1. Evaluate the range 147-155: report whether one residue or more is part of a strand (DSSP E or B), of a type in the set (Lys, Arg) and modelled with pLDDT under 95.
2. Between a first residue in the range 115-129 that is on the phi > 0 side of the Ramachandran plot and a second residue that is surrounded by 10 or more Cβ atoms within 10 Å (Cβ to Cβ), which pairs have beta carbons less than 9 Å apart while being 6 or more apart in sequence or on different chains?
3. Tell me, yes or no, whether the range 137-159 has at least one residue that is closer than 19 Å to Pro86 by Cα, without any contact (Cβ under 8 Å) to a residue 40 or more places away in the chain and not acidic (Asp, Glu).
4. If I filter the range 123-132 for residues that are assigned to a strand (DSSP E or B), hydrophobic (A, V, I, L, M, F, W, C), within 22 Å of Pro46 (Cβ to Cβ) and within 19 Å of the chain's Cα centre (by Cα), do I get at least one hit?
5. Has the range 65-81 got at least one residue that is of a type in the set (Val, Ile, Thr) and outside any strand (DSSP E or B)?
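The values are calculated or read from the model by the stated rules, or taken from the named source; none is laboratory data. As the structure is a computational prediction, the values presented were derived from the model and not from experiment. Every residue, glycine as well, gets a Cβ built from its backbone with ideal geometry; the counts of neighbours run over all protein chains shown.
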Amino acid sequence: MKKTYLFSVLLMLFSLTSCWDNEYQEDFEAIKAKATGVDGESGACPVGKWSMPTCNGAPGKNLIYYFGSDGTGYSENPDCNEICTPMRFNFRYTVSGDKISYTFTSTEDVICSGVNQGRPNTPSGSHTLTYSCLNGGSEMQAEYVNIQTGAKSVYNFKRM
């Protein structure tokens, strides 16, 4: 009786372990597919952390965009005067073809001279970037068209 019970427990643990291994393998394959991209050359583009110089090219002052593999991310704008922490805007995004559509979900506290200034308002509406990956996925060029003015801006990001 004890041997049968022990054997049943071991068989159950082996079965569960096999299920977990398959689930982890599937998760890994999904992440790997996103990381290599459809064309095999783009790297994790747009998944990853991207930076572009701001503040007239001041060292360490970069506009940051982060696109997580889970469809969430953030943009972060530095304070060129070095008084406040960068402003961070969290968002959810989707990718379709060469378009990244995102909607802001929240902001983070801004600290200026050690004093919490609270959170900026969360921008409303949906936003879209048209992007292309360059140099094997180490660079991303993004184009944004302002809905109100129609003005087009082109940004050149480097992978961090």
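1. Within the range 147-155, one or more residues are part of a strand (DSSP E or B), of a type in the set (Lys, Arg) and modelled with pLDDT under 95.
2. Gly118/Asp109; Gly118/Val110; Gly125/Thr103; Gly125/Phe104; Gly125/Ile147
3. For the range 137-159, residues closer than 19 Å to Pro86 by Cα, without any contact (Cβ under 8 Å) to a residue 40 or more places away in the chain and not acidic (Asp, Glu): absent.
4. Checked the range 123-132: at least one residue is assigned to a strand (DSSP E or B), hydrophobic (A, V, I, L, M, F, W, C), within 22 Å of Pro46 (Cβ to Cβ) and within 19 Å of the chain's Cα centre (by Cα).
5. no
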